[in-house]
1. Read through the list (1) modelled with pLDDT of 95 or more; (2) surrounded by fewer than 19 Cβ atoms within 10 Å (Cβ to Cβ), then give the number of the only condition that residue 97 fails.
2. When you scan the stretch 109-118, do you find a residue that is in contact with a helix residue (DSSP H, G or I) (Cβ under 6 Å, 6 or more places away or on another chain), at pLDDT 95 or above and farther than 18 Å from residue 280 by Cβ, even just one?
3. Does the stretch 73-87 include one or more residues that are closer than 30 Å to residue 208 by Cα and surrounded by fewer than 13 Cβ atoms within 10 Å (Cβ to Cβ)?
4. Take residue 348 and tell me if it is free of Cβ contacts under 8 Å to residues at least 40 places away in the same chain, under 30 Å from residue 390 (Cβ atoms) and crowded, with 17+ Cβ neighbours inside 10 Å.
5. Taking the stretch 369-420, which residues are at positive phi and surrounded by 13 or more Cβ atoms within 10 Å (Cβ to Cβ)?
6. Inside the stretch 188-277, counting only helices (runs of 4 or more DSSP H) that do not spill past its ends, which hold 3 or more residues that are in contact with a helix residue (DSSP H, G or I) (Cβ under 6 Å, 6 or more places away or on another chain)?
7. Name the single residue, out of those in the stretch 7-33 being touching a strand residue (DSSP E or B) at 6+ places or on another chain (Cβ under 9 Å) and within 15 Å of residue 145 (Cα to Cα), that is surrounded by the most Cβ atoms within 10 Å (Cβ to Cβ).
8. Check residue 381 against each of (1) under 18 Å from residue 412 (Cα atoms); (2) touching a residue at least 60 places away in the same chain (Cβ under 8 Å) and name the one condition it does not meet.
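The values are calculated or read from the model by the stated rules, or taken from the named source; none is laboratory data. Only a predicted model underlies this, so the values are computations on that prediction, with no experimental measurement involved. When we count neighbours, we look across all protein chains shown, and the Cβ atoms used for this are built from the backbone with ideal geometry, even at glycine.
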């Protein structure tokens, strides 16, 4: 007997009920984003490796350890399964000259890939909804994207389980000055650094501030703060963001250690975090990346965006009525005999044309076994066609979830009896 094959570790199947919740969440987010003027963009899951090395940063964990990279055997080109969506979005905007006519509000959805140690809330193939706005300079677009998150949490009924943390990384000159001060401070306490922090000390010292190692908490708390070295424009931008959030009634906390894990961020960074999911507490995060368009060869343009982790939001919104339970058919059609089978197929197609979900039993079997299948399907009704009904061109309708008599109807009368929705537009 052949060995049973399993999915790749950290890459999970979405079973029908989970897939239905996924689809509802993405559909609702798409509806909300359309109200804010965002249009959908789709990019390939494979990109040239150089795209991520240039944008994310060579000294980041993602590029150093986590990317799924391979050489295309046909042409020797290095390709990578996308570990995040912003770089691919900006590449597409530049390739197709989208930004030069007017600013762009865009969103996308799909799988991302990182070779991490799988755990609850962290997978090697995970799914994100990304939201990007390119060509907008002021803090109002930062605030708008945070408002989108706040609206989604209210809609999902999880607003009480999440909190907003914000910070500013300033401009390049402020970060360079802070970097020197930070490295000097950490060098003076090198014996307190764990191996990961020592590795990052000169390549990416800002990321040390985001360490979750409790043994380094006191050291990190005493480190120089980038927030204290902000240039005047960045400080004014950050003040404008806070005033906009206050006006919108959105609570926030400044977290001076919030840095994000990608090199392209500047000025505003933010995270929506929760204590309900254990170690993987960030469900949505983003910020500004004003230098990325120029870094990829375009005319410099401001930009801001965020990514929402679909698996984490679904876990947090497990009881949300918005996502609902698995859909069930309006009717399950049981039948016996050749003529009944032909009539069953015609009746089901008529009902589907009227917008109803109808499952037709396949594989034969006695009526009793078919009725058990009908009951297990969750359908409100069973439609029964036997040899007698088929000969007379009728069907029997039996309620499965409520009291009521079984009755015979013409196929045409079924539509009204089942309360069909309006037929979809052609």
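1. It fails just one condition, (1).
2. Yes, there is a match, as at least one residue in the stretch 109-118 is in contact with a helix residue (DSSP H, G or I) (Cβ under 6 Å, 6 or more places away or on another chain), at pLDDT 95 or above and farther than 18 Å from residue 280 by Cβ.
3. Applying the first criterion (closer than 30 Å to residue 208 by Cα) to the stretch 73-87 yields 78-87.
Now drop any that are not surrounded by fewer than 13 Cβ atoms within 10 Å (Cβ to Cβ), which leaves 78.
Yes, some residue in the stretch 73-87 is closer than 30 Å to residue 208 by Cα and surrounded by fewer than 13 Cβ atoms within 10 Å (Cβ to Cβ).
4. yes
5. Keep residues of the stretch 369-420 that are at positive phi, which gives 378, 393, 404, 419.
The one that is at positive phi and surrounded by 13 or more Cβ atoms within 10 Å (Cβ to Cβ): 378.
6. On the way: elements: 195-200, 217-221, 232-247.
Correct list: 232-247.
7. Step by step, filter the stretch 7-33, then rank; the result is 29.
8. Every listed condition holds for residue 381 apart from (2).
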